[in-house]
């Protein structure tokens, strides 16, 4: 993905700071201005950054992930329509995994009237939504993210290893031009990869606004899931 480790570290620094100068990068990595400029040129070619005189900034869609509240207010009707399609694939008495996210929250709302399911989720809001339903709800332990109210820790993965999940509904914050699902958060990557590698039927539920966007970490390809439910239409 990157030509060298330094380029990845530049993106990590920019994820924290938003923008930085060539001189700051030169001092940070103890290399020449020319070396830094070559790195920045390459990162700009890959659409990770935008160059300006004397420095660089993250491309808009490479900025930090939106807060949960911001996501919840975006494209609500589209997410509801995708959720309506998704629930058609949930059989009676299934063990269902709902990934953390606002689209999967819409799926949870539609499942609140059922009583036959075992539902596993790493999203506190989804668990609360389903807590008064007749379904059994399982929430893995571990550190809860202050930003998203979700659990992505190694403890969560250890818990999931003990379960036989029939179908998983996965969310995505971005899908790049090569149709890789990406995330700006490394912690999310490990749990999602576990689901991809261990659940027999995986469904990605994603609206069209997540396409052609890039984040730092590639998680999996669209070829790694069994079904994609989306309103995106390829040109």
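The values are calculated or read from the model by the stated rules, or taken from the named source; none is laboratory data. The shown structure was predicted, so the numbers you read here are calculated from the model rather than taken from an experiment. Positions of Cβ are generated from backbone atoms using ideal geometry, with glycine treated the same way; all protein chains shown enter the neighbour counts.
For region 111-131, a residue qualifies if it is under 22 Å from the mean Cα position of the chain (by Cα) and surrounded by fewer than 19 Cβ atoms within 10 Å (Cβ to Cβ), and the qualifying residues are 124, 128.
The set of residues in region 190-209 being crowded, with 20+ Cβ neighbours inside 10 Å and either in a strand (DSSP E or B) or without any contact (Cβ under 8 Å) to a residue 60 or more places away in the chain (or both) consists of 202, 203, 204, 205, 206. If I filter region 226-234 for residues that are in contact with a strand residue (DSSP E or B) (Cβ under 7 Å, 6 or more places away or on another chain), modelled with pLDDT of 95 or more and part of a loop (DSSP other than H, G, I, E, B), do I get at least one hit? Scanning region 226-234 turns up at least one residue that is in contact with a strand residue (DSSP E or B) (Cβ under 7 Å, 6 or more places away or on another chain), modelled with pLDDT of 95 or more and part of a loop (DSSP other than H, G, I, E, B). Within region 132-151, if we keep just the residues that are more than 14 Å from residue 192 (Cβ to Cβ) and in contact with a strand residue (DSSP E or B) (Cβ under 6 Å, 6 or more places away or on another chain), the residue that is surrounded by the fewest Cβ atoms within 10 Å (Cβ to Cβ) turns out to be 136.
Picking from residues in region 48-60 that are surrounded by 12 or more Cβ atoms within 10 Å (Cβ to Cβ) and in contact with a helix residue (DSSP H, G or I) (Cβ under 8 Å, 6 or more places away or on another chain), the one that is farthest from residue 217 (Cα to Cα) is 55. Answer yes or no as to whether residue 220 is out of contact with any strand residue (DSSP E or B) (no Cβ under 8 Å at 6 or more places or on another chain) and outside any loop (DSSP other than H, G, I, E, B). Considered against the rule, which asks whether it is out of contact with any strand residue (DSSP E or B) (no Cβ under 8 Å at 6 or more places or on another chain) and outside any loop (DSSP other than H, G, I, E, B), residue 220 comes out as no.
Scanning region 73-94 for residues that are at pLDDT below 95 and crowded, with 16+ Cβ neighbours inside 10 Å yields a total of 3. Do you know which residues across region 75-104 are in contact with a strand residue (DSSP E or B) (Cβ under 8 Å, 6 or more places away or on another chain) and not in a loop (DSSP other than H, G, I, E, B)? Passing the criteria: 82, 83, 85, 86, 89, 95, 96, 97, 98, 103, 104. For beta carbons closer than 6 Å, sequence separation of 6+ or different chains, a first residue in region 1-28 that is assigned to a helix (DSSP H, G or I) and a second that is surrounded by fewer than 15 Cβ atoms within 10 Å (Cβ to Cβ), the qualifying pairs are 22/33; 22/54; 26/33.
Residue 97 - would you say it is under 17 Å from residue 194 (Cβ atoms) and buried (at least 21 other Cβ atoms within 10 Å of the Cβ)? Yes; evaluated as a whole, the condition is true for this residue.
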